[in-house]
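Below is one structure, written out as structure tokens; comments come after it.
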Amino acid sequence: MVLINSGHDMRYGTENICRVFFPNETVKTEGDDRKTVFTSAKETESGTLLHVSADIDGTHAERDGFAENDAEYFKGECEKTLERLIYSCLSEITGYVPPWGILTGVRPSKLMTSCIEKYGGDGAKKYFTEKLFVSEKKTKLAFDVAKREKTITSLSRPDSFSLYIAIPFCPSRCSYCSFVSHSITGDNAKKLIPDYVRLLKDEIKMTGETAKELKLKLESVYIGGGTPTSLSASEIDEILCETEKSFDLSLCREFTVEAGRPDTVTDEKLKALKTHGVTRISINPQTTDDDVLERIGRKHTNAQTESAFYAARKLGFDNINTDVIAGLDGDTPEGFKRTLDRLCFLSPESITVHTLALKRSSTMVSVDNAESKGGEKVEKMLDFAQEKLNGSGYFPYYMYRQSRCIGNFENVGWSKDGYECLYNVFMMEECHTVLSCGAGAVTKLRRPSDGYIERIFNFKYPYEYTGRFGEICERKKRIAEFYGG
């Protein structure tokens, strides 16, 4: 489609709104196209005159608006007004009413928190529904999540930090996956693992020394991937031993390890996790339908998921998360309902409900409901999830959104009371520093005085990580410099 902006530089917001309605279109700035949106802005003494016209497959709509110079709400109200005009035109033409309105940000609950602080609870809800055109249902979800996140972020202190350790290996690559991960079935990946583990231990040790020098307090640890349990029990033991030696875990509130692929979970690996004080694990079926699992490239069955779950319970794990995805290729609202019914029967402490995101770097090219208007199936799935989980003793505590999600929906973490994943909230709400180790890991430094964020990126691929490890060590000297050390 073609987007033409005249008299302003608000391309970021206007393009994002167009993508809400046409997520799989390439947005161009010129040329002939059956989908064209034209916007203009003209400044006057009292404010800015705005105009939008849209021509979509032979149907026309246009709107005019005005943004006052002393707008009551946030700065950037001019851009918000323009986005509302585009939203109105495209909704009229397509008949599609996006549940999140004009809101395209990753962290809607963070915005809700800001609104609550500025306008109070009722005022914040009003801003979401009247100014951002967010539905009543999604507004309530954002409000409920914001309240629980506030309780968790209050645990963070100026000297707090969390630790992330990346294991970029999996037993196979899922069709929807966009992460940097290597299948351990490949010879190249198998050759990389010994050096990767050795250097990862070195980075963990180096990072721990820096944290001690800066007198930082460790709040949470998260080992993710990839699939950390793709490694052998002895390799997992090595990494956990180094973590224990390098960091003071005495005040750590939570230690999570993703055992995401059930086919990688063994008693030996679970015992290694338990021995080293891991308090929370994640066993992720994504669906309990074996046919759907096969279609998306996951080399396990629902029987293996349940076997892994019961094995973890037998060994004493009392904080288990499971992940599911709404919108998987071949899944249906009825199949998704069966998945959630079965998981609620297992009664994990938390269930994370993701919406399928159609990432360009994944092997999945298309699915039946890829268009925004085709998100009705996913909407039914998410509506059922909200009803089912609310009625089964789970509360929404964590939420984020991704680009190219089917139907422009969201990912929500649901937990039983007291079993919220602290790391997820600490990381998403950026309330303290996250020191990260491993390939693809991003250290996110937060300055306590003003919340300024600075990032240090590790090389993405394991072969880069092992081949250029010295450069990573140099980059990470910036941690001490950032804190004035």
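The values are calculated or read from the model by the stated rules, or taken from the named source; none is laboratory data. Here the structure is a predicted model, which means the values were calculated and not measured. When we count neighbours, we look across all protein chains shown, and the Cβ atoms used for this are built from the backbone with ideal geometry, even at glycine. Only protein heavy atoms, including side chains, enter the accessible area calculation; ligands, DNA and RNA are left aside. Shrake-Rupley method; radii C 1.70, N 1.55, O 1.52, S 1.80 Å.
Numerical summary
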| item | result |
| --- | --- |
| Computed label-point distance, nm, for sites residue 454 and residue 137 using a 7 Å Cα→Cβ extension | 4.5 nm |
| Relative contact order of the stretch 40-159, pairs being alpha-carbon contacts under 8 Å that are 6 or more residues apart, as % | 18 percent |
| Portion, in percent, of the accessible area of the stretch 189-342 that falls on carbon or sulfur, probe 1.4 Å | 47 percent |
| Derived scalar couplings ³J(HN,Hα) [the stretch 321-332; Karplus, 6.51 cos²θ - 1.76 cosθ + 1.60; whole Hz; x for Gly, Pro] | 9, 10, 9, 10, 10, 8, x, 4, 4, x, 7, 10 |
| Reachable lysines from residue 337, criterion Cα separation under 16 angstrom, eight or more residues apart if same chain | 377, 380, 388 |
| Under the Karplus curve 6.51 cos²θ - 1.76 cosθ + 1.60, θ = phi - 60°, whole-Hz ³J(HN,Hα) for the stretch 467-479, x wherever Gly or Pro sits | x, 10, 4, x, 5, 5, 4, 5, 4, 6, 5, 5, 4 |
| Built amide H within the under 5 Å cut-off of residue 254, gap 5+ | 221 |
| Those lysines that a straight Cα-Cα span of less than 20 Å connects to residue 299, excepting residues fewer than 8 apart in one chain | 190, 269 |
| Those trypsin sites (Lys or Arg not before Pro) in the stretch 25-124 that DSSP places in a loop and that have at most 15 other beta carbons within 10 Å | 34, 75 |
| Label-zone membership for the stretch 199-233, site residue 155, 7 angstrom Cα→C-beta point, backbone N under 15 Å | 217-223 |
| Cα gyration tensor category, rounded, prolate or oblate, for the stretch 254-367 with a/c compared to 1.5 | prolate |
| The chain, helix-only ellipticity at 222 nm - DSSP H runs n ≥ 4, -39,500 (n - 2.57), divided by all residues, nearest 500 | -12500 deg cm²/dmol |
| Sequence ranges 266-278, 211-223, ranked by mean other-Cβ count within 10 angstrom, highest first | 211-223, 266-278 |
| Cα-based shape type of the chain, given that a ≥ b ≥ c are square roots of the gyration tensor eigenvalues and the cut on a/c is 1.5 | prolate |
| Cross-link table 110/217; 110/205; 80/110; 118/477; 28/118, entries beyond 28 Å C-alpha to C-alpha | 110/205; 118/477; 28/118 |
| Computed over the chain: relative contact order in percent, which uses C-alpha pairs under 8 Å that are six or more apart | 15 percent |
| Anisotropy class of the stretch 1-127 from Cα gyration tensor, a/c 1.5 cut | oblate |
| Separation of the residue 313 and residue 49 label points, Cα + 7 Å toward Cβ, nm | 6.8 nm |
| Inter-label distance, nm, simple model (7 Å from Cα along the C-beta direction), residue 380/residue 29 | 4.3 nm |
| Whole-number accessible area per residue in Å² for the chain, which is evaluated in the context of all protein chains at 1.4 Å | 43 Å² |
| Interchain or long-range residues, amide H under 5 Å from residue 169's placed H | 182, 227 |
| FRET efficiency estimate (nearest 0.05) - Cβ-Cβ, residue 290 to residue 117, R0 51 angstrom | 0.60 |
| FRET efficiency, 1/(1 + (r/R0)^6) with R0 25 Å, evaluated for residue 347 and residue 267 via beta carbons | 0.70 |
| Carbon and sulfur %, accessible surface of the stretch 1-133 computed with the full protein complex present, 1.4 Å | 46 percent |
| Order by protection proxy (mean Cβ within 10 Å, highest first), peptides 418-425, 153-160 | 418-425, 153-160 |
| Accessible area, probe 1.4 Å, largest first, for residues 92, 149, 30 | 30, 92, 149 |
| Distance violations [Cα-Cα > 20 Å] among 150/476; 201/476; 274/444 | 150/476; 274/444 |
| Protection proxy ranking, peptides 234-242, 162-170, 284-292, average beta carbon neighbours within 10 Å, highest first | 162-170, 284-292, 234-242 |
| Heavy atoms of residue 354 accessible to a 1.4 Å probe, total area in Å² rounded to 10 | 30 Å² |
